[in-house]
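Reading through the structure tokens given below for one structure.
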Amino acid sequence: MSSPWLFSRRTDLAVFGGPALAALGLAAVGLAAGASELPPGLWLLLVLMVDVAHVWGTAYRVYLDGQEVRRRPWLYLGGPAGLYALGAALHAWGGGLLFWRVLAYGAVFHFVRQQYGWMRLYRRRAGERDVSGDWLDGALIYAATVVPLLHWHAGPPRAFHWFVPGDFVTGLVPAGVLPAADGGYLALLALYAARAVAAGRAQPWGKHLLLGSTAACWWLGIVTFDSDYVFSVTNVLIHGVPYLALVWRYGQGRWPGAQGGVGGLFRGSWVPFYAVLVVAALLEEGLWDNLVWHDHPGYFGGLDLTLPPLALALLVPLLALPQAVHYLTDGFVWRVGGDNPGLAARLRLTD
């Protein structure tokens, strides 16, 4: 049976609408208070407990499931080895900036594709098969994410960055491209609104929520405000929270009724499932802070080590490997179809 909601009305409003409203609310409060960067407490809640924690969710989907690892060892074992070798070479050759630039563009590709993936799941859940609608939905979700990125790349350096200052190449896009891009974006929004009006009461409310929250957060966070604080809150929440809900949903379908082991974490409350991810994120960020960044000594002890370039070239790609693997494998493991038999049933996308 088709449904306008991916999980359920209540869950979709919580994991798609809730993060968007929280992000916009936090942005408004921060702007009113003159915040330029995330304060330490908000960094802990958003970056560590959402952004970094959601990355470790890939472990549930892949690395804590021996059956899944055996199914595609070339991807799940060979991929990390190749990514680490590439990362070490880039860091050693480019003095660090080249490594972070490549990782940043990998990350933004992943962020854009995740929003597109949500749209595809919504269309499947709603039973939408029309080619014109598929084209319009896809074009609009790409416009909502790519057009703000064009603005970012057309102007001078912004007050925010993805990972490190200078990781995106600003001035790369001619400013003359922006009016045409903005006009195309507005035209797609108008077409989408006209189609919604023509549909009457049969509205795909979940997909509207996805597209609206994506458009608002990406435009405000990147184009409207030149603020590291606003970019951070609008970037992290709408990406990480829905992903955590997806992994939770998948785990319940993968290990139904399990009493112990990994499957036992998906029985009953979601708190143990999430707590494991937070512990992993704490351990990772502790290593980053003590060995590389030294930004949050109040949380991680303030070990003051200065590593030589060669050590950093070997260490930084290793610490970044969970992120890189997350970007790589997520392009494969959430595709509903022949490559992932049983995925639709485990996500309860079919009735």
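At-a-glance table
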read-out	value
Burial ordering of 3, 8, fewest other beta-carbon atoms within 10 Å first	8, 3
Burial ordering of 68, 285, fewest other beta-carbon atoms within 10 Å first	68, 285
Most fluctuating residue given options 146, 325, 131, as computed from a GNM of the chain linking Cα atoms under 10 Å	131
Net charge, residue 251 excluded, C-beta distance under 10 Å - Lys, Arg +1, Asp, Glu -1	+4
Cβ-Cβ FRET estimate between residue 2 and residue 93, R0 fixed at 56 Å, reported to 0.05	0.65
Relative contact order (percent, whole number), region 1-126, Cα cutoff 8 Å, 6+ residue spacing	45 percent
Average Cα contact separation per residue, region 9-346, under 8 Å, 6 or more apart, as relative contact order %	30 percent
Candidates 201, 254, 123: whichever shows maximal mean-square fluctuation once the chain is modelled as a Gaussian network with Cα springs under 10 Å	201
Rounded Å value of the spacing that divides the Cα centres of region 1-53 and region 144-199	22 Å
Over the chain: helical MRE at 222 nm, DSSP H runs n ≥ 4 each giving -39500 (n - 2.57), nearest 500	-20500 deg cm²/dmol
Label point at residue 130 placed 7 Å out along Cα→Cβ; residues across region 199-213 whose backbone nitrogen lies under 17 Å	199-208
Dipole of the chain, positive end: most advanced residue of 291, 257, 168 [Cβ charges, Cα centre]	257
For 326, 208, 110, order by how many other beta-carbon atoms lie within 10 Å, fewest first	208, 110, 326
Cα shape, region 12-128, gyration tensor, a/c 1.5 rule	oblate
Relative contact order [Cα under 8 Å, 6+ residues apart], region 95-187, whole percent	34 percent
Extension gain (nm, one decimal) between residue 77 and residue 164, 0.36 nm per residue minus Cα-Cα	28.5 nm
Debye-sum result for region 210-351 in log10 I(q)/I(0), which assumes one identical scatterer on each alpha carbon, at q = 0.15, 0.20 Å⁻¹	-1.08, -1.28
Contour minus Cα-Cα distance for residue 85 and residue 172 (0.36 nm per residue)	28.5 nm
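Values in this text are rule-based calculations from the coordinates and carry no lab data. Nothing here was measured: the structure is a model prediction, and the numbers come from that model. For neighbour counting, all protein chains shown are included, and Cβ atoms are generated from backbone atoms with ideal geometry for every residue, glycine included.
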